[in-house]
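Student: First the structure, which I've put down as C-alpha cells, then a few questions once you've had a look.
Nothing in this text is a laboratory measurement; each read-out follows from the coordinates by a stated rule. Owing to the predicted nature of the structure, the values given are computational and were not obtained by experimental measurement. When we count neighbours, we look across all protein chains shown, and the Cβ atoms used for this are built from the backbone with ideal geometry, even at glycine.
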Amino acid sequence: MSGASSPLSRQPSFGEFLLLGSLTAFGAMSIDLYLPALPDIARDYAVTPAAVQITLTAFFIGMAIGQLIYGPLSDRIGRRPTIMFGCGLYVAASVACAFAPTIEFMVAARFVQALGCCAGMVVVRAVVRDRYDHRDSARIFSLLMLVLAVAPLFAPAFGSWLVMVLDWRAVFVALAVFGLIMLVAVWFRLEESRSAETERSARGESVFASYSDVMRQRRIVGYTLVSGTNGATLFAYISTTPDLIIESWGYSVWEFSFIFALISIGIVGSAQVNRWLLLHRTPDWVLGVSTVAAAVVALIVLFVVMLGAPPVVVLFGLAAVLSSFGFINANALAGALSVDPLRAGTTSGLLGAGTFVIGAVASVLAAAMHDGTAKPLALTLLLAQVLGAAAYFGLARRRAGEA
C-alpha cells in the first residue's frame, strides 16, 4: 500500500543516531544489566532460580502488550509524546523494582517497567520509516545496532560491578537514571516525524480496524514471523545461558560477561556487513539467503551438541547462529514497514509484539527443557530458524506481479 509521503534518503546526524540508538537499546539495557543479579535476587528472596526467571518472562509479556498499545498510539498522537510517556512510566517502575519487598512485587514491577521501556523501541522503528525509504531503513536499523551493542558489551559487566560493590537493587536505580536521561533527551532533541497523512489515516479508523487491516496483509505477517522467530533465538539464549554457562559449565560471572560481550560483537559485526551488502543487494535478497543459512548453521550446532562437544566449541556455534540476527532483523523490519507506510506505528507495534510473544515462548520452552546441557537451547534455536525460513519463503517474499 502506498500513499504516504516519500521518506528522505539520507544518513542521520550523529546526535540523531545516538538518540535513536539509545531508545532502541532500552529493552536490551533492562535485560542485560540485571542478568548478573539473578542469583543474588534468588538468594535475597529465598526462592528458586526458576522463580526469578518469572521476572524475565513478565518483562517479555509486558513488552509484547506495550508495543501493541504504543504503535497505533504514536500514529494518532505523535511519536514524541508517546515516547515521553513511556519513559516516565519506566522511571517509576524501575524505582519500584529497586525497593520491591517480595518476589511477587518484583514480577509486577518488571511487567510495568517493560510497558514503559517498549515505547522508545516501537516508536523508533516508526520514526525511521517516517524519515527513510525501504533500503535506507534497513541500513539505518543495522547502523542503530552499533548503539544497541553497548548494552550487551558493557551492561553485564557494569551490572556485575554494581552487584558486587553495592547490591542488586542498585541495578534498578541505574536503570531509573537511564530512563530519566532518555526522557530529557527526547524532550529537547527529538523532532516529531509523523506525517499529516498518517495522522488523518489513524484518526479515521479504530485501533482494532488498523490492526485488522495490517494483519490481513500477507507480507507484513510473514516479515513479522521472520523477525519474531529470529529474535526468539536471542530470547532463548539470554534466558538460559546464565545458568548454563555459570552453573553447569562452571564459568565465573566475569567470564560470563566476557562471553556475552564477544557474542554481541559478532551480532553487531554482522549488522555492519549487512549495511555493506545493502549497497549491492536488495533487503529481501539478503533476507532470503540469511534465513536459509541460519537454519543450516543451527542444524550443525545441534549435531555438534549431540556429539558432546566441549563448551568452547558449542559457544562458537551459538555465536554463529546468533550472528544471523544482524542480517535478518534489520531487513525484516524494513520490509514490513515498507508494505503499508501510513500505518508504520501499528505495523511496528505488531512487529515488536510478535517478536516478544515468540521470544517468550522460546525462552519458556528452552527453560522448561533445561537439563544442564546445551541440547534444549540448540533444539530451540533450530526450530526457530527453520520456522523463520519457512515464513519468509511462504509469506513475506514478494510474488510475481506484486508491487
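Student: How big is the chain along each principal axis, measuring the range of its Cα positions in Å and listing the largest first?
Tutor: Cα extents, longest axis first: 56, 46, 37 Å.
Student: Same structure, new question: Between T48 and I300, what FRET efficiency comes out of the Förster formula 1/(1 + (r/R0)^6) with R0 = 45 Å and r the beta carbon distance, rounded to 0.05?
Tutor: Computed FRET efficiency for I300 and T48 comes out at 0.85.
Student: Would you mind pulling out the separation of the Cα centroids of the stretch 277-308 and the stretch 122-192, in Å?
Tutor: If we compute the Cα centre of each part, the gap is 27 Å.
Student: If you don't mind, another one. Starting from the Cα-Cα distance between K375 and F258, subtract it from 0.36 nm times their residue separation and give me the gain in nm to one decimal.
Tutor: Result: 39.9 nm gained on full extension.
Student: Would you mind getting me the FRET efficiency between H280 and F316? Use the beta-carbon distance for r and R0 = 41 Å, nearest 0.05.
Tutor: Step by step, r from the Cβ atoms, then E = 0.90.
Student: To the nearest 20 Debye, how big is the dipole of the chain about its Cα centre, given +1 on the beta carbon of each Lys and Arg and -1 on that of each Asp and Glu?
Tutor: Approximately 1040 debye in magnitude.
Student: Moving to a separate point now. Using +1 at the C-beta of Lys and Arg and -1 at the C-beta of Asp and Glu, which of A46, A353, G288 has the Cα lying farthest in the positive direction of the dipole of the chain?
Tutor: Positive-most Cα among the choices belongs to G288.
Student: By its C-alpha gyration tensor, with a ≥ b ≥ c as the square roots of the eigenvalues, how is the stretch 227-278 shaped: rounded for a/c under 1.5, else prolate for a/b larger than b/c, else oblate?
Tutor: Oblate.
Student: Moving to a separate point now. Only helices at least 18 Å long along their own axis, judged from Cα atoms, and with Kyte-Doolittle mean hydropathy of 1.0 or greater: name those in the chain from DSSP H.
Tutor: Going by DSSP H runs, the hits are 49-77, 103-131, 150-165, 169-189, 253-277, 283-306, 324-339, 344-368, 375-391.
Student: Rounded if a/c is under 1.5, else prolate if a/b beats b/c, else oblate: with a ≥ b ≥ c from the C-alpha gyration tensor eigenvalues square-rooted, which is the stretch 277-336?
Tutor: In terms of gyration-tensor shape, prolate.
Student: Something else now. What does the extension gain come out to for F17 and I265, with contour length at 0.36 nm per residue minus their alpha carbon separation?
Tutor: Full-extension gain reported as 87.4 nm.
Student: Now for a separate question. Do the sum for the chain: with -39,500 (n - 2.57) for every DSSP H run of n ≥ 4, divided by all residues, what is the mean residue ellipticity at 222 nm, to the nearest 500 deg cm²/dmol?
Tutor: The helix contribution divided over the chain gives -26500 deg cm²/dmol.
Student: Multiply the residue gap between V273 and A309 by 0.36 nm, knock off their C-alpha separation, and tell me the result in nm, one decimal place.
Tutor: Computed gain between V273 and A309 is 10.0 nm.
Student: In percent, how large is the relative contact order of the chain, given Cα pairs closer than 8 Å and 6 or more residues apart?
Tutor: Relative contact order here is 29 percent.
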